[in-house]
Each structure stands twice: as structure tokens, then as C-alpha cells.
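The values are calculated or read from the model by the stated rules, or taken from the named source; none is laboratory data. Since we're looking at a predicted model, the values are computed, not measured. Positions of Cβ are generated from backbone atoms using ideal geometry, with glycine treated the same way; all protein chains shown enter the neighbour counts. Ligands, DNA and RNA are excluded from the accessible area calculation, which covers all protein heavy atoms including side chains. Shrake-Rupley method; radii C 1.70, N 1.55, O 1.52, S 1.80 Å.
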Amino acid sequence: MKILFATSEAQPFAASGGLADVAGSLPKALVKEGCDCSVIMPYYIKTVSDELKAKLTFVTEFYVPVGWRSQYCGVFKAVVSGVTYYLLDNHYYFNRDFGIYGYYDDAERFAFFSRAVLETVQRLGDIPDIINSNDWQCALVPVYYNIYYRFHHDMRSIKNVFTIHNIQYQGQYGFELLEDVLSIPRHMSRLVEYDGNINFMKGAIEVADKVTTVSPTYAGEILDPWFSHGLDRALNTKQFKTCGFLNGIDTDMYNPSTDKAIAANFSVGKKAGKAACKSALLEKAGLPEDDAPLLGMISRMVEHKGFDLIKAVFDDIVNMGFKVVILGSGDSEYEEFFTEAKARFPERVSFTCGYIPALAKQIYAGADLFLMPSKSEPCGLAQMISLRYGTIPIVRATGGLKDSIVDYGEDMGTGFTFQTYNAHDMLEAIQRACDCYDDPKAWGALVTRAMKADFSWKQSAKLYIGLYEELCNIE
């Protein structure tokens, strides 16, 4: 099968979050399983490193309809880790100074990209069996296919899969963009109309052959108004084509036995290096070294990540005897709270505002426990990465956190979970973790189980392949 993975970001070319990790890892796993999988994404001129730019070769150029205009599109190609990447170039849309999202014309930028994906397929003549589009930025790919391309003789066999990574971000815009910006005829407006507005994601849900999410639990949760951010009515009528597959992680990138970013390498059979990683992390964080459990957090600091719970009982966590190392940025109220907490507990709390990839790996490797109390979490990768480094997660049982972490109170548990979105339920899970840490034999067995957990992409890739084969009628 030929698979084309359409995404707004992908490692190693551009990344702002977990989507880039998935788009960099899943196609590589699909190739290892025998698929012909390519990735297509925008060419963010100022984001791609000079080293990667040197690997790009120019393929072709053409013009893409955008409303009443035609916009230039250049196609560049590179092969990285066995995966072919196509980067679509337009300096007006993608040569921006600050990040890859958040511009006033994002609707137009990603409408151009979605249409350009299909124009690229048509011009290159290498027709995929499946186009797997991801999140709202690519949600118009199946919509444009349905309107403009499905009757083309050479493209009519393509099947469209749409993957929801985070339903909170849907691509909602005013109806005035319909024809002049999005090139959607008024008589087809029903495809993208939702609650009186244009909704990119709703359009993809309406017309895609299959809709997937990034964990089985999240696939069920988004049918509930509590989790759906208003899209539950659209999804409830499409349950027959919706399913969820748990994401994996890149086990080469996150490998404690070879990772050059951490102080010492270690493995499930030789754990001595983890203690060295803890010592190095404490030194870097400016915290004194002792036997206290070290709790790590790496996250965007927003309410749905559970920071209101952490804020409510943070002093209780410190008073349990924990040292805490935090890396993240986000809402000012949380940044200011942890800055103040660092000043109040200078020998117990370290806070670094921002995101530093090397420091993130050092926290995964050096902490004893990892706190992730999300209100909602489509999949989450941090809890899987922490397991890989023998750092025990404490999570709320929601979305992918529920699917990936088995509570220590159950046989073969790998972490500590709590059910309700409540600060004191979270605190009780943290206390259970602390009690286990105080029992060296039990703790050692738990760390061993954690490091043996397999969250490679191999199993998830097989599930995707099964879905693709079903759509292509391959037995």
C-alpha cells in the first residue's frame, strides 16, 4: 500500500507539539512494516535547519487555486530514515518569523496547504491508496477531495483517513471565508457548516472514510460534551467509522541506554546510571542531594493539563518530603505561581520557564516520579517516555493516560492513577507513590516493570495497517 501522511508539522523538519512526534515516528514504523509511506507538510523556511535544507531537492512547481486567486507552490523532497518527505513551499504563507501557528490568516494558509496536497498528488502521478490527514490544519484535504478530485479517473480510488489528535482545536471561522478564501461552493457549504460557522474538523468528520483518534478511551470520550468542545453531535452520527489507536513513542530517540543528553546511560538490567542521572539533575536544578523522592513535571502550563489541581495542593506535595523539578510555560498565573514557589522553597523546588529538549530528557531520566494530572489527554507521550526512563508516572485515568498506565494497586501495575478530577484524589495517588518509594524492594520491582513496558510504534503501526487494508479491501 502507498500511504500519504498529511500533517502541518513533523519531526525532524518542524515541531510545536506531540503531532510532530507522531508524524515523525508513525510513518517510519509503517515503512518498517512494509508500507510505502510518505509525509507531506508545509516548508517552514525559518524553522527547517540548514542541515536539513541541504538534503532537500526541488521537484516541481505549480499554482494552487485559493478562492479567486492562484498561489505559487514549490515541491521539495528529502528522504530521512527511509521515509520520503515532501515539503510544500510558499514564502507568503510559510516564511513567517514567529512559530508555525497563530497568525490572522491561518484559515487561508492551511486551506492553501490542503488543496496543494491534492494538487501535488495529481501532478506527481504517484497516487496513494490512502491519504491520512491530521488535525484541523489538514482537515480540508478530505473535503477538497470530495468536492474536486474524487471523480478524477486517476484519483478516484483514494481513501481518506482523518486523525484527531486534539479535538479542542477545530479550525472554526466565520462563514464569510467560504468562497473567497476556502474555495468551497455555497451549495456544498453543508459539509463544513456547524453551529452557524465554518468548522474545518467537522468537514473532515463528515466526508472522511474513517476517523481515528490517538487512543481508544479518547475515541469514546469525545462523544461526550464534557470532552468534545461542541463536536459530539457531529461525532455521534459517525460512530460507525470512528476508532482509536494508542500512539507510540520513538524508542530510538528515547533510549536511556544510548541517550547522549543524559548524565549516564542505563537499562533495565543495569540501573546504576539512573542514580547518577538523579544526582546530575539535582545539581543542575540547584537542589541539595539526599534520599527524598524527586517529582518531575514537563508540560504546557494550562488548566486542562491539571495545573489548577497542582496549584491547590502544591504545599502539601512539598511537605510530604518531595523535591520538585518543573519545566514548562503557558498561562501567566501558573508561571508566576511556580516562580514564587521556587522562592518559597529554594531547596525543594526548581522551575525553568520554557521548553529545553535536553533538560526535558534529563528530567525524564533523573526524576523518580512524573506527575501528569490532566483534565483531558487525547493520548499523551510524556507518561510513556517517563516509563522508558524508569520514572514512575502519576496520572489521572483519562484518554491515553488511562490506556497506557496500569495502576500499581492492580497486578503488574506501572504507575499510580486517580479517577476523579479532584486535587485531593491526586494527592492520595501521590501519597501512595511516596509509600511505595519508601519500600526499596517494591520500588525496584515497579521500576523494572515500567522499563519493560513496550510503547514502540510497532503494535500501533499494525493497527493502522489493518485499518488501511480494510479500506483498500486487502485481506
Provide the solvent-accessible area of THR448, counting protein heavy atoms only and rolling a 1.4 Å probe, rounded to the nearest 10 Å².
40 Å²
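Dipole size in debye (nearest 20) for region 281-375 around its Cα centre, Lys and Arg Cβ +1, Asp and Glu Cβ -1?
Value, rounded to 20: 300 debye.
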To the nearest 10 square angstrom, how much accessible area does THR57 have with a 1.4 angstrom probe?
80 Å²
Restricting to region 128-284, compute how many DSSP beta bridges are antiparallel as a %, nearest 5.
25 percent
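Can you compute the equivalent ellipsoid semi-axes for region 16-59, i.e. the square root of 5 times each eigenvalue of the Cα gyration tensor, sorted largest first and rounded to whole Å?
In descending order the semi-axes read 21, 15, 9 Å.
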So if each residue of separation counts as 0.36 nm, and I subtract the Cα-Cα distance between LYS458 and GLU179, what length gain in nm does that give?
96.2 nm
With a cut-off of at most 12 other beta carbons within 10 Å, and DSSP calling the residue loop, which trypsin sites (Lys or Arg not before Pro) in region 71-165 qualify? Please list them.
ARG156
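So, with a 1.4 angstrom probe, what is the percent of accessible area on the chain that is carbon and sulfur?
The computed percentage sits at 50.
Taking 51 Å as R0, compute the FRET efficiency from the Cβ-Cβ separation of ASN422 and GLU470 and round it to 0.05. Numbers along the way, then the final one.
Working: r = 41 Å, r/R0 = 0.80.
The formula returns an efficiency of 0.80 here.
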Read through the labelled values [x] 35, 26, 20; [y] 44, 27, 23; [z] 41, 23, 22 and report the label of the one computed as semi-axes √(5λ) of the Cα gyration tensor in Å from the structure.
[z]
Helix-only estimate, please: 222 nm mean residue ellipticity of the chain, summing -39500 (n - 2.57) across DSSP H runs of length 4 or more and dividing by its residues, to the nearest 500.
-11000 deg cm²/dmol
3J(HN,Hα) from dihedral phi, region 226-236, Karplus parametrisation 6.51/-1.76/1.60, rounded to Hz, x for glycine, proline:
4, 10, 8, 6, x, 8, 4, 5, 5, 6, 5
Only four residue types carry charge here, +1 at the Cβ of Lys and Arg and -1 at the Cβ of Asp and Glu. Report the dipole size of region 225-338 about the Cα centre in Debye, rounded to the nearest 20.
680 debye
Using a simple spin-label model with points 7 Å from Cα along the Cα→Cβ vector, what separation in nm is obtained for CYS353 and ASP105?
3.3 nm
Given R₀ = 35 Å, what would the calculated FRET efficiency be for ASP291 paired with LYS270, taking r from the Cβ atoms and rounding to 0.05?
0.95
Kindly work out what percent of the DSSP beta bridges joining two residues of the chain are antiparallel, to the nearest 5.
30 percent
For ASP97, tell me the accessible area in Å² from a 1.4 Å probe, rounded to the nearest 10.
100 Å²
Once THR448 and ALA397 are pulled to full extension, the length gained, defined as 0.36 nm per residue separation minus their Cα-Cα distance, is 16.2 nm
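Based on Cβ point charges of +1 for Lys and Arg and -1 for Asp and Glu, what charge dipole magnitude is obtained for region 365-421 about its Cα centre, in debye rounded to the nearest 20?
220 debye
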Considering only VAL318, TYR334, PHE245, whose Cα is most displaced toward the positive end of the charge dipole of region 191-341, charges sitting on Cβ of Lys, Arg (+1) and Asp, Glu (-1)?
PHE245
Heavy-atom accessible area per residue - region 396-460, 1.4 Å, Å²
47 Å²
Quick one: ranking LYS32, LYS441 by accessible area, 1.4 Å probe, largest first, what do you get?
LYS441, LYS32
Heavy atoms only, probe 1.4 angstrom, no DNA, RNA or ligands counted: give me ARG396, ARG190 ranked by accessible area, highest first.
ARG190, ARG396
Counting only protein heavy atoms and rolling a 1.4 Å probe, one gets per residue an accessible area for region 153-193 in Å² of 48 Å²
Give me the Kirkwood hydrodynamic radius of region 196-276 in Å, from all C-alpha pairs, to one decimal place?
15.8 Å
Taking H as built 1.01 Å from N, whose amide H comes closer than 5 Å to the amide H of GLN11, not counting residues under 5 places away?
ASP21, ALA23, GLY24
Against the longest alpha carbon principal axis of the chain, how many degrees, from 0 to 90 and to the nearest 10, is the axis of helix 106-124 turned?
60 degrees
What order do GLU377, GLU193, GLU61 take when sorted by accessible area (1.4 Å probe), most exposed first?
GLU61, GLU193, GLU377
Got the relative contact order for region 134-246 handy, in percent, Cα pairs under 8 Å and 6 or more residues apart?
28 percent
